[in-house]
Amino acid sequence: HNVCRHVSQLVAAHPPASGRRPLRSQTDTSVGKVSCMSLEDTCPVCHTAELVCGKWTLLLVRDLAAGRSRFCELERSLAGISPRTLSLRLRALEEDGIVERHTYPEVPPRVEYSLTEKGRDLLPIIDSMRDYGRRWVCEELTQAPPLSEPVAA
């Protein structure tokens, strides 16, 4: 989950073409979004980073990539997420047009979530992150010395 912090730092270090520097990152803890821009900023990288850097966002999009899922299925696949947080994240993603909620008139009511076209367009970003992680991050983790051994200075 440190990806979002790194993305916002990268965006802050590379100002938009207009030369304006984005404002320092701030976190909206109610929905876990990272804000890195002034209101008049039009940098698409910054806007995309703000959208995808919400806590759990990329993992929810990844899990919904296979198709519709119920709340309990998403909760099981995202170990460590609380039901309240999952509910808040799904609601925020629905408001952003990334996820759509399907309610079926059954007893008990059945609700499923799926990606919208806007949400599906995020999948190449996740694929690129997966490729990057396999190439660079996973490789570094396997080459790092075990934590129990002292590291030579």
* Asked: Looking at Gly54, Gly19, which is the one that is within 23 Å of Arg130 (Cα to Cα) and at pLDDT below 90?
  -> Gly54
* Only residues that are within 23 Å of Ala79 (Cβ to Cβ) and either open to solvent by 30 Å² or more (accessible area, probe 1.4 Å) or modelled with pLDDT of 90 or more (or both): list them for segment 31-51, please. => Val31, Lys33
* Asked: So is Gly119 surrounded by 12 or more Cβ atoms within 10 Å (Cβ to Cβ) and out of contact with any strand residue (DSSP E or B) (no Cβ under 8 Å at 6 or more places or on another chain) or not?
  -> no
* Structure fact -> Considering residues that are within 15 Å of the chain's Cα centre (by Cα) and open to solvent by less than 60 Å² (accessible area, probe 1.4 Å), the number found within segment 62-76 is 4
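The values are calculated or read from the model by the stated rules, or taken from the named source; none is laboratory data. If you're wondering where the values come from, they're calculated on a predicted model, not measured in any experiment. With ideal geometry, Cβ positions are generated from the backbone for all residues, glycine too; neighbour counts draw on all protein chains shown. Accessible surface areas use protein heavy atoms only, side chains included; no ligands, DNA or RNA. Shrake-Rupley method; radii C 1.70, N 1.55, O 1.52, S 1.80 Å.
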